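Visitor: Have a look at the structure that comes next, please.
The values are calculated or read from the model by the stated rules, or taken from the named source; none is laboratory data. Bear in mind the structure is a predicted one, so any value in this text is a computation, not a measurement. Positions of Cβ are backbone-derived with ideal geometry, glycine not excepted, and every protein chain shown enters the neighbour counts. Remember, those area values only see protein heavy atoms, side chains included, never the ligands or the DNA or RNA. Shrake-Rupley method; radii C 1.70, N 1.55, O 1.52, S 1.80 Å.
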Amino acid sequence: VVFVNGRDGQAGWRFRTRGDVQGSPALQNGVLFAGTRTGYFQAIDAQTGALKWEKSLGSVNFTGSPLATPSAVFVGTARGMIVAFSPENGDILWRYRLKTEREITPRAPRPNATTGGEGGGEAAPAPEATTAPT
């Protein structure tokens, strides 16, 4: 995770996570929250880049961007679990398993045809082929 100054575009602090971050980190009360493919969930001080706390759920793969609120940080896992962490210390407040047996696989972002960069959404469908009347 890299902090980039919005005024001049310069990179500030850098934080090396324990694996690839899934989705976008969530920001709440000056803390970034991020889950990784290797089962780590981390809270990073947004001002300094220092690790506030870290929790491991073992081989659990987080599947997307967390949702951070003042009272809990919610995130999903590939095994169909929703986990609520305490934003203060990372304690698990509760877990809920979805009624599914299949593993949830996050889709990789597709290149954006307009900019050539990463795109978060679906590519627009190709226009239908048309024929001119004769």
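Visitor: For residue 39, enumerate residues with amide H under 5 Å from its amide H, sequence gap 5+ or separate chain, H modeled in the peptide plane.
Guide: Counting only residues 5 or more places away or on other chains, the set is 62.
Visitor: Per-residue HN-Hα couplings for the range 28-38, Karplus 6.51 cos²θ - 1.76 cosθ + 1.60 at θ = phi - 60°, whole Hz, x for Gly and Pro?
Guide: Each residue's phi maps through the Karplus curve to give 8, 6, x, 10, 8, 10, 9, x, 10, 5, 9 Hz.
Visitor: Related question: Could you state the accessible area per residue of the range 7-91 in Å², with a 1.4 Å probe and every protein chain left in place? Can you show the working numbers first?
Guide: On the way: 4250 Å² over 85 residues.
For the range 7-91, the per-residue accessible area is 50 Å².
Visitor: Turning to a different aspect of this structure: Around residue 82, with a cut-off of 13 angstrom between Cβ atoms, what is the net charge of the other residues, counting Lys and Arg +1 and Asp and Glu -1? Present the calculation step by step, with values, prior to reporting the outcome.
Guide: Values: positive: 79, 95, 97, 99; negative: none.
Charge balance near residue 82 sits at +4.
Visitor: So, one more: Just add up the charged neighbours of residue 31: K/R +1, D/E -1, any other residue whose Cβ is under 11 Å from the Cβ of residue 31. If you can, show how the numbers build up before the last one.
Guide: Working: positive: 52; negative: 45, 88.
That works out to -1.
Visitor: To continue, here is another question. Net charge near residue 95: determine it from the other residues with C-beta under 15 Å of the C-beta of residue 95, scoring Lys and Arg +1 and Asp and Glu -1. Intermediate values should be presented prior to the final figure.
Guide: Numbers: positive: 55, 79, 97, 99; negative: 91.
Neighbour charge sum, excluding residue 95 itself: +3.
Visitor: A further question follows. Return the loop-located GluC sites (Glu not before Pro) in the range 1-110 (DSSP other than H, G, I, E, B) with at most 15 other Cβ atoms within 10 Å of their own Cβ; answer none if there are none.
Guide: Numbers: sites: 54, 88, 101, 103; in loops: 88, 101, 103.
Sparse-neighbourhood loop GluC sites (Glu not before Pro): 88, 101, 103.
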